[in-house]
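Report on the structure given below.
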Amino acid sequence: AAAPPGAFVIFGGGGDLTKRLLMPAIYNLACNGLINEDFRIIVVDWAEMTDEGLIQQFRDFIGDFVSKRGTNATELRQDVWDRLTANISYLRGSFEEDSTYEALKEKVEARNAVFYLAVAAKFFGTIVDHLGTSGLAKEEDGVYRRVIIEKPFGSDLESARALNARLLHSLDESQIYRIDHYLGKETVQNIMALRFSNGIFEPLWNRQNIDHVQITAAETVGVEKRGRFYEGTGAIRDMVPNHLMQLLTMTAMEAPASFDADAVRDEKAKVLSVIQPVKLSNMVRGQYVSGSFGVGEEAEALRGYREEKDIALGSQTETYVAMKLAVDNWRWAGVPFYLRTGKRLRTRRTEIAIHFKQAPFALFRDTPVEKLTPNILVLHIQPTEGVTLQFSAKVPGPSVKLGGVRMKFDYAEWFNDGPTTGYETLIYDCLIGDQTLFQRADTIEGGWRVVQPALDAEASDTAPLCFYPAGLDGPREADELLARSGRRWLALE
Ligand code: BG6
């Protein structure tokens, strides 16, 4: 059903995020009849701009988005677009001045409102303070006021705590929607569906049957134009406490009592609370040096990180991190969770691989236990979305030889549906007041707590950094992290 009427206010809405993701997502929702007829989009930003100019910018991007969509790409639906854009307006103003909020109040009037903070993190606190003092944050007469906050939420445990405390001066926790865009991905939501709506996986989902878990978020892109941001951030802050922790908690959490927002988030918080903060000896930080995609004539040469724009010559920022974490509870004791993420790797791939224990005994003379193909269940998050199960089967022929085979479920093929931006669900959920897929203060802080030792070591220059050639699999040291216990990363090719 269509969400209730209201205003959708985007602070920093002149930026990339709005064009590339928010507008296409809202448009998709509108195509599906999920946006109310009375839905106003108010963009607040500092640049000089007219309503028409803004709408034209959105139009340029949406065309591109529609044509790039998956299997059932269609032409832009002009009727939907016209209806949406009839209600877009631009408000020029500084995020730090009262007058901006006074003007905004006049536009929002007594409507429901979502305030989306698509701004640099340093403005989060100021904007929310102003929403508080201006009265815009106040919910009265059945009207809701909600705030969506992008990442990065703090830059370590202490700053995340401070920011949470600051927000809570002006807002109630029920009004705060902390985004982690990984939770908008279908395949991430599918982890719960797979685990909790099937009879065959959950009984095996424990230390008796699982040897270890590998979580990978490999990217081919380098730091691109974000050098200035990335230099002070690095792979750990950028990916681990948020995105990778979400994947980990979805994989490791207990079944919630219900799908109520707090029931789900309570379970996530519980599992986060039993993850030991990372030990430096269980972590590898890497930075890419020059390399190439492919070899020979076709090869594409790649610059090293330190040669990228806005990067210091002797930068110590990591563009790759691998770590081994322990989840200390009854279900997972002794099962390592290995995480890795990096830029400029061989392939773009995000996946969770559950490695099951080996069969206890080798019945097949020609195939000793260690040669048996291990059972691995891989949840493919992107770019191909699906699930594969690897197991052993008999190779055809007169002798009994075993080989590894794969059973595969492919999302796009089965459902014949193209990808969305991932923001549709998140925006819609916020409009209808469902916080399940948003981070709560404690889950954010829990993620930071796990990586805090790494951040401390970086701050005191005691975290070693190793190097890996761009375009390959990451640092050798990361292989050694697993080899110590006789394990191997799934190949990235
Ligand atoms: C963002 C990070 O949060 O996630 C980026 O800031 C990263 O550095 C991106 O590239 C990865 O998202 P996705 O959806 O492409 O896996």
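The values are calculated or read from the model by the stated rules, or taken from the named source; none is laboratory data. What you are looking at is a predicted structure, and each value in this text was computed from that prediction instead of being measured. All Cβ positions, even for glycine, are placed from backbone atoms using ideal geometry, and neighbour counts span all protein chains on display. Keep in mind that these areas ignore ligands, DNA and RNA; they rest on the heavy atoms of the full protein, side chains included. Shrake-Rupley method; radii C 1.70, N 1.55, O 1.52, S 1.80 Å.
For the stretch 187-203, the criterion of a residue being part of a loop (DSSP other than H, G, I, E, B) and either crowded, with 22+ Cβ neighbours inside 10 Å or of a type in the set (S, T, N, Q) (or both) is satisfied by at least one position.
In the stretch 316-323 there is at least one residue that is away from the ligand (no atom under 16 Å from the Cβ), open to solvent by less than 10 Å² (accessible area, probe 1.4 Å) and either farther than 22 Å from LEU455 by Cα or of a type outside the set (Ser, Thr, Tyr) (or both). The listed residues are ALA333, ALA326, and the only one of them that is open to solvent by less than 70 Å² (accessible area, probe 1.4 Å), in contact with a Pro (Cβ under 7 Å, 6 or more places away or on another chain), touching a residue at least 40 places away in the same chain (Cβ under 8 Å) and not aromatic (Phe, Trp, Tyr) turns out to be ALA326.
Residue count for the stretch 330-348 satisfying the condition of being of a type in the set (Ser, Thr, Tyr) and either under 24 Å from LEU204 (Cα atoms) or part of a loop (DSSP other than H, G, I, E, B) (or both): 2. A count restricted to the stretch 271-283 and to residues that are buried (at least 17 other Cβ atoms within 10 Å of the Cβ) and within 18 Å of GLN439 (Cα to Cα) stands at 3. LEU84: in contact with a helix residue (DSSP H, G or I) (Cβ under 7 Å, 6 or more places away or on another chain) and farther than 12 Å from ASN28 by Cα, yes or no? When the stated conditions are applied, LEU84 does not pass them. Within the stretch 137-153, being within 16 Å of the ligand (Cβ to nearest atom), assigned to a loop (DSSP other than H, G, I, E, B) and open to solvent by less than 20 Å² (accessible area, probe 1.4 Å) holds for one residue alone: PHE153. Taken as a whole, the structure leaves HIS355 outside the set of residues that are within 16 Å of the ligand (Cβ to nearest atom) and either open to solvent by less than 40 Å² (accessible area, probe 1.4 Å) or not charged (D, E, K, R) (or both).
Assessment of the stretch 431-438 against the conditions (surrounded by 17 or more Cβ atoms within 10 Å (Cβ to Cβ), modelled with pLDDT of 90 or more and within 16 Å of the ligand (Cβ to nearest atom)) yields at least one matching residue. Of the numbered criteria (1) away from the ligand (no atom under 16 Å from the Cβ); (2) in a loop (DSSP other than H, G, I, E, B); (3) modelled with pLDDT of 95 or more, the one VAL378 fails is (2). Each residue in the stretch 389-426 was checked for being within 16 Å of the ligand (Cβ to nearest atom) and in a helix (DSSP H, G or I), and 5 of them qualify.
Residues checked against (1) among the hydrophobic types (A, V, I, L, M, F, W, C); (2) in contact (Cβ under 8 Å) with a residue 24 or more places away in the chain; (3) surrounded by fewer than 20 Cβ atoms within 10 Å (Cβ to Cβ):
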{"residue": "ASP45", "(1), (2), (3)": "no, yes, no"}
{"residue": "ARG83", "(1), (2), (3)": "no, yes, yes"}
{"residue": "ALA103", "(1), (2), (3)": "yes, no, yes"}
{"residue": "ALA118", "(1), (2), (3)": "yes, yes, no"}
{"residue": "PHE123", "(1), (2), (3)": "yes, yes, yes"}
{"residue": "GLY135", "(1), (2), (3)": "no, yes, yes"}
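In this structure, PHE259 does not satisfy being open to solvent by 50 Å² or more (accessible area, probe 1.4 Å) and without any contact (Cβ under 8 Å) to a residue 24 or more places away in the chain.
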